[in-house]
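Notes follow once the structure below has been shown.
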Amino acid sequence: MNTTQDKASILLIYTGGTIGMTENPETGVLESFNFQHLAENVPELKKLGHHVETIQFEPPMDSSAMGPDSWMKIVRIISDNYSKFDGFVVLHGTDTMSYTASALSFMLENLSKPVILTGSQLPIGMLRTDGKENLITAIEIAAAKENGIPIVPEVCVFFENELMRGNRTCKANADNFNAFRSYNYPSLAKAGIHIKYDQSQIYRPISRKPLKPHYLLDRNIAILKLFPGISPQVVESILNIPGIKGVVMETFGSGNAPMDEWFLSMLKDAVDRGIVIVNVTQCRAGSVEMHRYETGHKLLEIGVVSGYDSTTESAVTKLMFLFGHGLTPDEVKEHMNCSLIGEITLPAALR
Ligand code: ASP
């Protein structure tokens, strides 16, 4: 194995979020940092020896305001610059980073270069910031090659020493530096003194097709989170939103839901109208197994699709992506039962 850290060209895409803030020395107010002056503000970058260019969203966005339009903007930037750079680092607010990472994983078909999302809990201009370390290691990962081939040709989230497959992550902590988790898929790398890659977990593109960027997303998706005592009015109103095409239903445990007659008949009616209902669990770890209990089985009979061990973030963006490409409900269901880019673990019988 010949792992190299030769001089690489990295494109840093600053979209916004806490990482890009610095404290105004005169007023003490947090202001957006000018990433065009990155080298001045993060002198450590020079020691890495890579060529880093920056593109910045104008104005930088809080990630709670991001969505399909900003995902398309990131995809456009990556696609327009794909041949010029060895890897891409996307600096992003932490709040919706997992949604963006999931969406990008579907939108960047045939990706063969690293796209590493990172951010920070404390602004980069603050003394105790986690931003510098996250930024520097993300650049190192985006630049890393083995025998001339990028080690991690995936959309990933790097946060607090851990490299995770982006479409497996969720923001799990609003305060701690280790804010992200990938409960259902192992880390792709751990950064300590050295960055240790787990090659067996990293996605390897089978063919060498050119990057195919996608820009079509359908927003007619909703999340229905079940809770004990949920009323017919709530369920009915979600399933009858005009134009709704897909619903991610967050169920209990291994995919269970109430068995009330009204509930099942509302779901059945929605499925019969062509709405794709995907069953994901409210548990952070583990998978939906609709054959396991009678309740899950009933949902399967009605035509609800299993989301397996998908995160809600991944299921929502996958539905947006599939419906965005004009697939019929049956085709969408079929694709929800396949792993497009490592976002779900299918039971052995379906692999
Ligand atoms: N509200 C910020 C954002 O997501 C928080 C952060 O960057 O961590 O943009």
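The values are calculated or read from the model by the stated rules, or taken from the named source; none is laboratory data. Quantities reported herein were computed from a predicted structural model and do not represent experimental measurements. Cβ: placed from backbone, ideal geometry, glycine included. Neighbour counts: every protein chain shown. Remember, those area values only see protein heavy atoms, side chains included, never the ligands or the DNA or RNA. Shrake-Rupley method; radii C 1.70, N 1.55, O 1.52, S 1.80 Å.
Applied to the range 43-59, the Karplus parametrisation 6.51 cos²θ - 1.76 cosθ + 1.60 on θ = phi - 60° returns per-residue 3J(HN,Hα) values of x, 4, 4, 4, 5, 5, x, 9, 8, 10, 10, 10, 10, 10, 5, 10, x Hz, with x for Gly and Pro.
Taking all protein chains as they are arranged and a probe of 1.4 Å, the heavy atoms of Lys7 leave approximately 150 Å² accessible to solvent. Estimated from helices alone, the mean residue ellipticity of the chain at 222 nm is -8000 deg cm²/dmol (sum of -39500 (n - 2.57) over DSSP H runs with n ≥ 4, per residue). Compactness of the chain is given as radius of gyration and Dmax, 21.0, 65 Å, from Cα positions. Across the range 21-142, the volume of the C-alpha convex hull divided among the residues equals 110 Å³ per residue. When the alpha carbon coordinates of the range 132-242 are projected onto the principal axes, the ranges are 58, 38, 26 Å, largest first. In the range 51-100 the Cα-Cα distances spread across 5 Å bins starting at 0 as 4, 18, 32, 24, 15, 7, 0 percent of all pairs.
Under 5 Å between amide hydrogens, built in the peptide plane, is the criterion, and for Ile124 it picks out Gly20, Met21 among residues at least 5 positions away or on other chains.
For a distance above 22 Å, tell me the whole-number percent of Cα pairs in the range 185-338 that qualify. Write out the running numbers ahead of the final one.
Details: 5440 of 11781 pairs.
Everything past 22 Å amounts to 46 percent.
Under a Gaussian network description of the chain, with springs only between Cα atoms under 10 Å, the residue in Ala189, Ala144, Ala65 that fluctuates furthest is Ala65.
Per residue, the solvent-accessible area of the range 1-124 (1.4 Å probe, heavy atoms of protein chains only, all protein chains present) comes to 42 Å². Phi-derived couplings, Karplus 6.51 cos²θ - 1.76 cosθ + 1.60 at θ = phi - 60°, listed residue by residue for the range 8-17: 10, 9, 10, 9, 9, 10, 9, 9, x, x Hz, with x used for Gly and Pro.
Rounded to the nearest percent, how much of the accessible area of the chain (1.4 Å probe, protein heavy atoms only) is carbon and sulfur? It would help to have the intermediate numbers written out before the result.
On the way: 8120 of 15720 Å².
In the chain, the share of accessible area belonging to carbon and sulfur is 52 percent.
Taking a straight Cα-Cα cut-off under 20 Å and skipping sequence neighbours fewer than 8 places away in the same chain, the aspartates and glutamates within cross-link reach of Lys132 are Glu23, Glu31, Glu40, Glu44, Glu53, Asp62, Asp95, Glu140, Glu160, Glu162, Asp175. The alpha carbon radius of gyration of the range 279-351, expressed as a multiple of 2.2 N^0.38 Å, is 1.07. Of the GluC sites (Glu not before Pro) found in the range 1-110, those in coil by DSSP whose Cβ has at most 16 other Cβ atoms within 10 Å are Glu26.
If you wrap a convex hull around the alpha carbons of the range 76-175, what volume per residue comes out, as a whole number of Å³?
Values: hull volume 10.2 nm³, N = 100.
Cα-based convex hull of the range 76-175, divided per residue, equals 102 Å³.
Cα extents for the range 226-302 along the principal axes, largest to smallest and rounded to whole angstrom: 33, 23, 22. A cut-off of 5 Å between modelled amide H atoms, ignoring neighbours fewer than 5 places along the same chain, links Val52 with Ile10.
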